[in-house]
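Inspection log for the structure reproduced underneath, given as structure tokens.
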Amino acid sequence: MPYEEQIKALTKISKAIASDVYLEDILRLIVTVTAEIMDSNICSLMLIDEKKNELLIRATQSISEEYNKKPPLKIGEGVAGKAVKENKPIVVKDVTKEKEYKHKDIAKKEGLCSLLCVPLTVKGHVIGVINCYTSKPHDFTETQVNILTSVANQAAVAIENAELMVKSKVIQEELETRKIIERAKGILMSENRITEEEAYLKIRKYSMDSRKTMREVAEAIILASDMKKVTEIKKTYAH
């Protein structure tokens, strides 16, 4: 791909990352555009599952079901696992002859030959890898390694931002839930002349008995209290 086209492709990725597009769509765009830039037969993006300490394929432009359903790799296992462990790009001239490469049978079936595997790094912490395969023996140039590293860095930022947004949303929801429960406790304490702990236990019991969340119960208590106030106001004006 000509240099100008490469710049355009990288700009396309940058714009997608800066947009509000869903993460899965961004990752799919990254592997599709990267495959074009690198003239790659298959391009895939793998992320680490922190709980299982495994690398899983999260995006690929490949239509091969067999490749897409490849089992996960342990950190340090295979070429991708090694790239994560060592936090550096790895080039393999022929994966079908590389002793550390797993799933040679799939590589042979899909006609995969040379591989460039680059880690996705955020602030020195590896979160995954991006793989580019060619169908014929290929010597990846320094420029190609640099391009894929640039793509990997952008992808890592997109993933980190998406995770931060999710965490931020969860924290906001937790704070909102606490406020709602606190307000409901106050209503129960005032109406029933009970302690804060008794009010909390009452909400929790309602929650368990009705199989609803404590937030749902608290919202119902607040709504009932508001409706009661409205009724009282109407009665006052009626007189």
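Laboratory data are not the source of any read-out in this text; all were calculated from the coordinates shown. Predicted, not measured: the structure shown is a model, and the values here were computed from it. So basically every Cβ, Gly included, is an ideal-geometry build from the backbone, and we count neighbours across all protein chains shown.
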Review point. Given the options GLN172, GLN144, GLN154, which has the most mean-square fluctuation in a GNM of the chain, springs set between C-alpha atoms less than 10 angstrom apart?
Key: GLN172
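Between GLU174 and LYS12, 0.36 nm times their residue separation minus their Cα-Cα distance comes to what? Intermediate values should be presented prior to the final figure.
On the way: separation 162, 0.36 × 162 = 58.32 nm, distance 3.59 nm.
Computed gain between GLU174 and LYS12 is 54.7 nm.
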Review point. What FRET efficiency comes out for the pair ARG204/LEU56, r = Cβ-Cβ distance, R0 = 30 Å, nearest 0.05?
Key: 0.20
Exercise for review: Report the full-extension gain for the segment THR96 to ASN68: residue separation times 0.36 nm, less the Cα-Cα distance, to one decimal in nm.
Suggested key: 8.3 nm
Check your understanding: What does a probe at LYS109 reach in the stretch 36-65, counting residues whose amide N is under 15 Å from the point 7 Å along Cα→Cβ?
Key -> 63-65
Revision key, fill the gap. Here, LYS85 and THR141, labelled 7 Å along Cα→Cβ, have an inter-label distance in nm of 3.3
Revision key, fill the gap. Connecting every pair of Cα atoms under 10 Å apart in the chain and solving the GNM, the largest mean-square fluctuation among GLU66, GLU24, GLU196 falls on GLU196
Exercise for review: Please identify, among GLY76, GLY128, GLY186, the residue showing maximal mean-square fluctuation in a Gaussian network model of the chain using a 10 angstrom Cα cutoff.
Suggested key: GLY186
**Study point:** Förster radius 35 Å - calculated FRET efficiency between LEU223 and ALA162 (Cβ-Cβ, nearest 0.05)
**Key:** 0.55
Point to revise | Stretch in the chain that is longest and holds no trypsin sites (Lys or Arg not before Pro) that DSSP places in a loop and that have at most 16 other beta carbons within 10 Å | key: 124-192
Point to revise | Surrounding net charge for THR134, when Lys and Arg each add one and Asp and Glu each subtract one, Cβ distance under 11 Å | key: -1
Practice item. Putting +1 on Lys and Arg Cβ atoms and -1 on Asp and Glu Cβ atoms, find which of SER190, ASN131, LEU55 reaches farthest to the positive end of the dipole of the chain. Key: SER190
Review point. If you line up the long axis of helix 196-210 against the longest principal axis of the chain, both from Cα atoms, how many degrees apart are they, to the nearest 10?
Key: 70
